[in-house]
1. Can you tell me which residues in the stretch 1-50 are of a type in the set (A, V, I, L, M, F, W, C) and touching a Cys at 6+ places or on another chain (Cβ under 8 Å)?
2. Which pairs have Cβ atoms under 8 Å, sit 6 or more apart or on different chains, and link a residue in the stretch 280-300 that is within 19 Å of Asp328 (Cβ to Cβ) to one that is assigned to a strand (DSSP E or B) and of a type in the set (Ser, Thr, Tyr)?
3. Can you pull out the strands (runs of 3 or more DSSP E) entirely within the stretch 19-67 that have at least 1 residues that are at positive phi?
4. Going by the structure shown, is Leu338 touching a Gly at 6+ places or on another chain (Cβ under 7 Å) and open to solvent by 40 Å² or more (accessible area, probe 1.4 Å)?
5. Which condition does Tyr268 not pass, out of (1) within 25 Å of Ile132 (Cα to Cα); (2) hydroxyl-bearing (Ser, Thr, Tyr); (3) open to solvent by 60 Å² or more (accessible area, probe 1.4 Å), if it passes all the others?
6. Glu254: open to solvent by 70 Å² or more (accessible area, probe 1.4 Å), closer than 26 Å to Thr336 by Cα and in a helix (DSSP H, G or I), yes or no?
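The values are calculated or read from the model by the stated rules, or taken from the named source; none is laboratory data. A quick note: this is a predicted structure, and the numbers were derived from the prediction, not measured. As a convention, Cβ positions derive from the backbone with ideal geometry for all residues, glycine included, and neighbour counts pool all protein chains shown. Accessible surface areas use protein heavy atoms only, side chains included; no ligands, DNA or RNA. Shrake-Rupley method; radii C 1.70, N 1.55, O 1.52, S 1.80 Å.
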Amino acid sequence: MNETRRTRILCDVDFDKDGLQQGYLRLFHSSHISAYGFLPMPIVVIRNGAGPTALFVSGNHGDEYEGQVALSNLVQSLKPEQVRGRVIILPTANYPAALAGNRVSPIDNLNLNRIFPGDPDGSVTEQIAWFISEQLVPRADLVCDLHSGGSSLLYTPCSLTGRVEDEALYARQLAALRAFGAPVAYVQGRAQGQGGNQTLGGVAEKLGIPSLGTELGGAGAVSPEGLRIAERGVRNLLVHLGILPEEARIPAPETRIFGLKGQEQFVYAEEAGLFEPVVDLGEVVQAGQLAARLHTPETPWRAPVEHCFTRDGFVLCKRQPGRTQRGDCLFVLGGTELP
């Protein structure tokens, strides 16, 4: 990143100061109702001497809630004297979207996790992306970006990472994935629809910093199972890094890791209609198997359009709303299980 183009966002916390600090990232935004106002994006830093740094982010998409609750609980429970090193917590990364309960910002209609590394002179969401890219990620030894399915998708609660070319970095990412302790995980190949390298994980990859994410449920609500996995996972990552002692580790199941390489593992609606899934999350399916029917109750004499899987796999994700438009994602499959 170009060091001559610095962020316009002001930060209340000192990243190098010991203790618990809580404050705001102040993104000045002139609007009709607040001419000289700023957006107060909360940030928490917990530091105790030298050691590794963990960066935890949630609210990257504002309608994904499990991570926001898990990180709020972490802020309230983690004490400086318990840690060795530093923990940076950004619970509502896309602050306007989080307040609105929306995937994208209501201010500029941008998806934060599709515009990294952002622009320090750009719109609100572009400025947020730049601050995270320039000020937060380079300080981290591990980045954890907590997501779920949001309003339109429902996931088998899982963790994920990217298949990077650097084998040493990839090994560190797999180790973190297993340390997180979700029962299911997948390795994505940056397929179209997954954000490519314009995600927070893509920024970390460019800097050689291990990163992982989650998909903790969705449907525009808080999944109790997903929340439990997130709270256990962030604690276990802190143990994995050596920020928390080994006795703080929470027992977790062995993680089953699946591959997710490309578009052949997605099923998309070919027509508009009312979505009838015929398989559920967690099922193992085969190529050619019926996945869904799309009905048109407004034209009830028209036969439903059937959609089939094009490959074998494990059902990681399915669409949540019934009303569906052409091009909507209906299912995502995990592929071959990794050793």
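1. Result: Leu25, Ile43.
2. So the pair list comes out as Leu281/Tyr155; Leu294/Thr324.
3. Counting at least 1 such residues, we get 19-28.
4. yes
5. (1)
6. When the stated conditions are applied, Glu254 does not pass them.
The rows are residues; the columns are (1) at pLDDT below 95; (2) under 30 Å from Gly196 (Cβ atoms); (3) aliphatic (A, V, I, L, M).
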{"site": "Leu20", "(1), (2), (3)": "no, no, yes"}
{"site": "Tyr24", "(1), (2), (3)": "no, no, no"}
{"site": "His29", "(1), (2), (3)": "yes, yes, no"}
{"site": "Gln68", "(1), (2), (3)": "no, yes, no"}
{"site": "Ala93", "(1), (2), (3)": "no, yes, yes"}
{"site": "Ala98", "(1), (2), (3)": "no, yes, yes"}
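One line per residue, one yes/no per condition, for (1) in contact with a Phe, Trp or Tyr (Cβ under 9 Å, 6 or more places away or on another chain); (2) farther than 26 Å from Gly201 by Cβ:
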position: Ile9; (1), (2): yes, no
position: Lys17; (1), (2): no, yes
position: Leu20; (1), (2): no, yes
position: Tyr24; (1), (2): yes, no
position: His32; (1), (2): no, yes
position: Ala35; (1), (2): no, yes
position: Ile46; (1), (2): no, no
position: Val75; (1), (2): no, no
